[in-house]
Structure formats: structure tokens, C-alpha cells
Amino acid sequence: MKFQKICVLGLGYIGLPTASTFATHGIQVVGVDVNQRVLETLKNGGIHIHEPGLRTLVEAALKSEKLTVSNQPEAADAFLIAVPTPFYEDKTGEYNEEPYKLADMRAVTSAAEAIVPYLKEGNLVVLESTSPPRTTVDLLKPILERSGLKAGTDFYLSYSPERVLPGQILRELIENARVIGGVTPESAQVGAELYETFVEGEIIQTDATTAEMVKLMENTSRDINIAVANEFARLSDRFGVDVWEAIKLANLHPRINILTPGVGVGGHCISVDPWFFVEGAPDLTPLIYTARKVNDEQPHFVMALVQKALGALKGKKIAVLGLAYKPDVDDLRESPAVEVVKLLSDAGAEIRAFEPFKPQGSSGITMSETLEDAVKDSDAILVLVRHKQFKDIKPSEIEKMTLTRLIIDTVNTWDFNAWNQAGFQVYRLGANKL
Ligand SMILES: NC(=O)c1ccc[n+]([C@@H]2O[C@H](COP(=O)([O-])OP(=O)(O)OC[C@H]3O[C@@H](n4cnc5c(N)ncnc54)[C@H](O)[C@@H]3O)[C@@H](O)[C@H]2O)c1
């Protein structure tokens, strides 16, 4: 099928790169978002998210007029939905005495409803938002069929998970293999034809529910593997072992690949998606549920380490390095580093956080403009995110900025031997007997 014009609903981390890439590959794209601030920023030549190379790409797409932005869809050959699918807590206690996390599908529902008046025979609709199993057939299809058209017969309907890595989105969007699942084989085929516009990786066709499962399985297995790494860190503290050394040695085995412990699991994907399985089948998911709990509890283990290093926290000044949910991104969503800061503040510590990516939405946390502002006069330096630019910091630089010689490194950022030799006392997660 020949695609001349498409609508991309949701201009966030996924939708904006996708819309711009289609536009720079010659397709007329209408980027739709319900957030007026996002639309104004783009219309004024700005950009509301940090992603390497994205500013240049968006500028090129807008300048060529192949990309326009709007607060509502228009008639097009295809509609792509890339809106958020967060969770909210179920307070009913229906599943358990503890609140469960339930998928919040309101944005997908309203995006689908917005498409209905414009849907025509022969159109393609693709859902890219990470969604619970069967969303495409049980939620999306009935809404779109309010148009009077039948999915799989009158229009094509598919699900295609987005698996790009923040920080490398533009490259991975093009190079990664892409799975596209249709409600019919023809829907998958037509979806594949759309992505062929720019995807250089293999495009694999399947059914819609399998494609939904693929994405959830990837993130769930990662969450479980991080949970076990976090438990290894706790065990290492208990038994007086250096977890970083133990993992390095274990990973010399050709069939072992233990992941890295840390302050927890955050972001919009790995800490969210396993809940979609737990919600759909609580009776079948004790392991997935427990892994979520293990990772959510990890900030408390970071607290214990800080207390070990500093004693009572009331009035202690702590310089926090990094708030993002992982290295080299500006994204604070579900960030466990933010959770750690909240716990420390609640215990009376005074926090000065330095986040070099200067994200929006760090409300409530006192942010320092520079590394020096954060560390001067501090009682300890707490590293929560292994940003590349932190990795490069030398003991001699910190020495000039502050009198403190106490480092708490939760993510194995610095060579502790070198810092020890330079006169610093270094506490590391998973390497201290608690
Ligand atoms: N960010 C990632 O790295 C990543 C990776 C893989 C998958 N995903 C999935 O992709 C989806 C989108 O994630 P994101 O990170 O781009 O989200 P985001 O929050 O960055 O952007 C979503 C955008 O959609 C807009 N929006 C909300 N409701 C809308 C509606 N009804 N119509 C039009 N626009 C609407 C919001 O205003 C926002 O600008 C989610 O399901 C997420 O789980 C994200």
C-alpha cells in the first residue's frame, strides 16, 4: 500500500521521533497532541524532550513542512497511536490487601475515539503504546468499529511495540527489528509496508496479541533479572562480599549474564509493564509480582547504606548526584533516585541534587545548578545515577569543591581504590556489611 499521509497521536519520547522520521522519509505527517504546551513549543521551534539528535530531526521535518502539528487528527492513510499507558493504584483491595497497579488506558481510549470520525475504508491503524494483552482486539477494535467499519475487513488494525532505548532512539528506530501484529494477516502485512518506509531492521509479522505479549515479556524478564541482582547485592552486604566483584566473576561463565544492581527500577516501561501481566492474571504471576516488590523496595536499602555511612540523618547535608531513572537520560518518571531523595528528606536530611540533564518535573527537590553548588558544604556525596559525565569526575576535582571526603556510591560509578588512595572514604551498595 502507498502511504501519502499519516497521523501520529502523541508527540512524546516515542511519537515525536516516529512522526519526524516518517516526515523526513517523505510522508506527510500530522503530529497530534492534547497538550497545548507541547504544540506551542514545537510551533515556536523548540522541543520539550531531551533525546540526542532529535532537535535537528524535528527542525528538518517542520522546515520541510512534511510535519505539521495539531490538537486533533485529520483524514489520512494511517493513524499511529503513541500515547502514554501508565498505571494507577487499585485502592479497592479487590486483588489483595495491598494496592495493585492497574493499566491506565484512558489516553489510548481517547486517542482511538478521536480517530473514529476520520477513519475511512482502506485505512491502517497501529497501536504502539505498551498495552496489556488483548488491548488491540478487546479495547481498540470495538472503539474504532463505532465508525461503522469492520477491523480486518474495511480497515487494517495492528499492534507494533516500540523497543527503542532512550538516548539512542533515532538510531534504534531505524535499525532495530520490529514486530508487527495484525488482527488479520493482511493488517500485519499493511503495517509492515508502512514501517518499511524507514525501518532497516527485520520486520516480523505476527498476530496483535502476540506482539503485545512480546513487549511485556521483554520488560518483565528484565525486571525479574534486575530484582535478582538487587537481592544479590543485599546478600553480599549480609555475607561481607563485594557484589560487583562477585557478579564480574560469575559472568565469566559463558551462559551467565547477571545484570547490575542499583537503586531500583524506574522509567515508563520496566517498572510499569509487569503490572499489566499481574493485573490480567494475578493467579499466574507470583514471580513477576514479587520481582516488582523487590525492585520497589530497593530505595530502602540505599537509605540503610546512607545511614550506615552518616549515622542519624537529621540536618545532614547530602549532595545527590543524579535523579534520572537511568544513566544519560533526562527522564524522571518512576525514578527510584527521586524515591531515595524523598526518603532521605523525610528522615531530615538536607538534599542538594545535581542532575546534569536538568529535567522538568523535579518539583519538591532542591536542585543545584552546578556540581560545585551541590557538593560544597555537604557532609556526603551520594551517587545515584551512573551518568557518563559523573564517571569522568576525578577525586582531585571534588577535593577542590568541598571539604567532605565521604562518598556513597550506589551504582559502582567510581574506582573505589583510586578514591580511597586520594583520601576519600567510599561506601558502596552491595559491598558493605550492613
Ligand atoms: N519512552 C520510551 O522509551 C518508550 C519505549 C517503548 C515504549 N514506550 C511506550 O510508548 C508509549 C508512549 O510513551 P512516551 O514515552 O512517548 O510517552 P510521553 O508521555 O513522552 O508522550 C506521550 C504524549 O502523548 C500525549 N497524549 C496523551 N493523550 C493523548 C491523546 N488522547 N491524543 C494525543 N496525544 C495524547 C501527551 O500529551 C504526550 O505528549 C507508552 O505506552 C510507553 O509505555 C515508551
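Starting from residues that are within 12 Å of the ligand (Cβ to nearest atom) and within 13 Å of PHE79 (Cα to Cα), keep the ones in the stretch 16-32 and report whichever is surrounded by the most Cβ atoms within 10 Å (Cβ to Cβ). Going through the qualifying residues, I end up with ALA19. Among the criteria (1) within 16 Å of the ligand (Cβ to nearest atom); (2) modelled with pLDDT under 90, the one THR92 does not fulfil is (1).
For every residue, the table says whether it meets (1) under 25 Å from ALA304 (Cβ atoms); (2) touching a helix residue (DSSP H, G or I) at 6+ places or on another chain (Cβ under 7 Å); (3) aromatic (Phe, Trp, Tyr); (4) buried (at least 19 other Cβ atoms within 10 Å of the Cβ).
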position: VAL340; (1), (2), (3), (4): yes, yes, no, yes
position: GLY348; (1), (2), (3), (4): yes, no, no, no
position: PHE354; (1), (2), (3), (4): yes, yes, yes, yes
position: GLN389; (1), (2), (3), (4): no, no, no, no
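A count restricted to the stretch 227-252 and to residues that are of a type in the set (A, V, I, L, M), under 27 Å from LEU165 (Cα atoms) and out of contact with any helix residue (DSSP H, G or I) (no Cβ under 6 Å at 6 or more places or on another chain) stands at 5. For the stretch 95-120, the candidate set comprises residues that are more than 15 Å from the ligand (Cβ to nearest atom) and among the charged types (D, E, K, R); within that set, the residue that is modelled with the lowest pLDDT is GLU97.
Being in contact (Cβ under 8 Å) with a residue 40 or more places away in the chain and charged (D, E, K, R) is the requirement here; does ASP379 meet it? Yes: the conditions hold for ASP379.
Of the listed requirements (1) part of a loop (DSSP other than H, G, I, E, B); (2) touching a helix residue (DSSP H, G or I) at 6+ places or on another chain (Cβ under 6 Å), LEU140 misses just one: (1).
Yes or no, residue by residue, for (1) assigned to a loop (DSSP other than H, G, I, E, B); (2) polar (S, T, N, Q); (3) assigned by TED's automatic domain parsing to the domain that holds TRP414:
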{"residue": "VAL341", "(1), (2), (3)": "no, no, yes"}
{"residue": "SER345", "(1), (2), (3)": "no, yes, yes"}
{"residue": "GLY348", "(1), (2), (3)": "yes, no, yes"}
{"residue": "ARG352", "(1), (2), (3)": "no, no, yes"}
{"residue": "LYS358", "(1), (2), (3)": "yes, no, yes"}
{"residue": "ILE365", "(1), (2), (3)": "yes, no, yes"}
{"residue": "ALA374", "(1), (2), (3)": "no, no, yes"}
{"residue": "LEU382", "(1), (2), (3)": "no, no, yes"}
{"residue": "ARG386", "(1), (2), (3)": "yes, no, yes"}
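Within the stretch 255-291, the residues that satisfy the criterion of being under 17 Å from the mean Cα position of the chain (by Cα) and within 16 Å of the ligand (Cβ to nearest atom) are VAL265, GLY266, GLY267, HIS268, CYS269, ILE270, SER271, VAL272, ASP273, PRO274, TRP275, PHE276.
Table: residues versus (1) surrounded by fewer than 21 Cβ atoms within 10 Å (Cβ to Cβ); (2) over 22 Å from MET217 (Cα atoms); (3) in contact with a Pro (Cβ under 7 Å, 6 or more places away or on another chain); (4) charged (D, E, K, R).
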| site | (1), (2), (3), (4) |
| --- | --- |
| THR109 | yes, yes, no, no |
| GLU113 | yes, yes, no, yes |
| VAL116 | yes, yes, no, no |
| ASN123 | no, yes, no, no |
| LEU127 | no, no, no, no |
| SER131 | no, no, no, no |
| THR135 | no, no, no, no |
| LEU139 | yes, no, no, no |
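Among the residues making up the stretch 292-333, a single one is among the aromatic types (Phe, Trp, Tyr) and within 21 Å of the chain's Cα centre (by Cα): TYR325.
Whether a residue is over 24 Å from the mean Cα position of the chain (by Cα) and either outside any loop (DSSP other than H, G, I, E, B) or among the hydrophobic types (A, V, I, L, M, F, W, C) (or both) was assessed, and PHE3 passes this test. Based on what the data block shows, is GLU40 within 26 Å of the chain's Cα centre (by Cα) and either under 30 Å from ASP283 (Cβ atoms) or crowded, with 18+ Cβ neighbours inside 10 Å (or both)? When the stated conditions are applied, GLU40 does not pass them. Any residue in the stretch 268-285 that is touching a strand residue (DSSP E or B) at 6+ places or on another chain (Cβ under 9 Å), more than 30 Å from THR18 (Cβ to Cβ) and either assigned to a helix (DSSP H, G or I) or in contact (Cβ under 8 Å) with a residue 12 or more places away in the chain (or both)? Yes, that holds for at least one residue. Of the residues that sit in the stretch 33-50 and are more than 9 Å from the ligand (Cβ to nearest atom) and part of a loop (DSSP other than H, G, I, E, B), which one is farthest from LEU165 (Cα to Cα)? The selected residue is ASN44. Would you confirm, using the coordinates I've provided, whether VAL272 is crowded, with 24+ Cβ neighbours inside 10 Å, at pLDDT below 95 and either among the polar types (S, T, N, Q) or in contact with an Asp or Glu (Cβ under 8 Å, 6 or more places away or on another chain) (or both)? Spelling it out, VAL272 is indeed crowded, with 24+ Cβ neighbours inside 10 Å, at pLDDT below 95 and either among the polar types (S, T, N, Q) or in contact with an Asp or Glu (Cβ under 8 Å, 6 or more places away or on another chain) (or both). Filtered by the rule that a residue be more than 16 Å from LEU157 (Cβ to Cβ), assigned to a loop (DSSP other than H, G, I, E, B) and touching a Lys or Arg at 6+ places or on another chain (Cβ under 7 Å), the stretch 57-87 gives a lone residue, ALA75.
ARG234 meets all of the listed conditions (1) surrounded by 17 or more Cβ atoms within 10 Å (Cβ to Cβ); (2) within 16 Å of the ligand (Cβ to nearest atom) but one, namely (2).
Hey, can you tell me all the residues within the stretch 142-182 that are surrounded by fewer than 19 Cβ atoms within 10 Å (Cβ to Cβ) and among the basic types (Lys, Arg)? Residues satisfying the conditions are ARG146, LYS150, ARG163, ARG171. Among the residues of this structure, LEU54 does not count as one that is near the ligand (Cβ under 10 Å from one of its atoms), within 19 Å of the chain's Cα centre (by Cα), of a type outside the set (Ser, Thr, Tyr) and surrounded by 16 or more Cβ atoms within 10 Å (Cβ to Cβ).
The values are calculated or read from the model by the stated rules, or taken from the named source; none is laboratory data. Predicted model only: the values in this text are computed from it and were never measured. Please note: Cβ atoms are built from the backbone with ideal geometry, for glycine as well, and neighbour counts cover all protein chains shown.
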